[in-house]
Amino acid sequence: MVDLSVGCQAGETFPIGEGVTGEVVRARSGVIFDEYAAVYRGHIDPTTTRYRSAVIAVPMLHGENVIGVFVVFGAGADTVFTTRDLALLEL
């Protein structure tokens with residue numbers, strides 16, 4: 001697990017349907033959000049700058065099972081992720 005000052009609640013336990021992980025598990029593929037605020041039951045404090053940042057995430061798979069999620073936040077309010085970024089992240 002890596003949290004580079006994003007403000008995630010590392011070490012806490014949440015239902016699998018919440019946050020970016022929940023979004024990826026539901027989609028069974030990568031997801032892109034223009035801002036983290038759109039994530040269902042996200043776990044980042046709304047007063048932080050990352051709450052309004054773009055976010056992209058892909059599943060880490062073992063066979064057909066999702067065993068983790070790789071999440072990347074945009075560097076600032078101007079960041080826009082595309083499906084091309086998603087394809088690169090999936091590599």
> When the solvent-accessible surface of protein heavy atoms is calculated with a 1.4 angstrom probe, in what order do Tyr51, Tyr36 fall, highest first?
Replying inline: Tyr51, Tyr36
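For the chain, what number results from the quotient of the Cα radius of gyration and 2.2 N^0.38 Å?
On the way: Rg = 12.5 Å, N = 91, 2.2 N^0.38 = 12.2 Å.
That ratio works out to 1.02.
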> If the viscosity is 1.306 mPa s and the temperature 10 °C, what translational diffusion coefficient in µm²/s does Stokes-Einstein give for the stretch 37-78 when Rh comes from Kirkwood over Cα pairs?
Replying inline: 136
> So for the pair Leu89, Arg52, with labels modelled 7 Å out along Cα→Cβ, what separation do we get in nm?
Replying inline: 2.1
>> Just to be sure I understand the model, the point goes 7 Å from the Cα along the line to the Cβ. What's the resulting Val66 to Tyr40 distance in nm?
In response: 1.0
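Per residue, how much accessible surface does the chain expose to a 1.4 Å probe? Answer in Å², no decimals. Intermediate values should be presented prior to the final figure.
Values: 6100 Å² over 91 residues.
Accessible area per residue, the chain: 67 Å².
The values are calculated or read from the model by the stated rules, or taken from the named source; none is laboratory data. It should be emphasised that the depicted structure is a prediction, and the values quoted were computed from it without experimental measurement. Here Cβ is always computed from backbone atoms with ideal geometry, including for glycine, and neighbour counts include all displayed protein chains. Just so you know, the surface numbers come from the protein's heavy atoms only, side chains and all, with ligands and any DNA or RNA stripped out. Shrake-Rupley method; radii C 1.70, N 1.55, O 1.52, S 1.80 Å.
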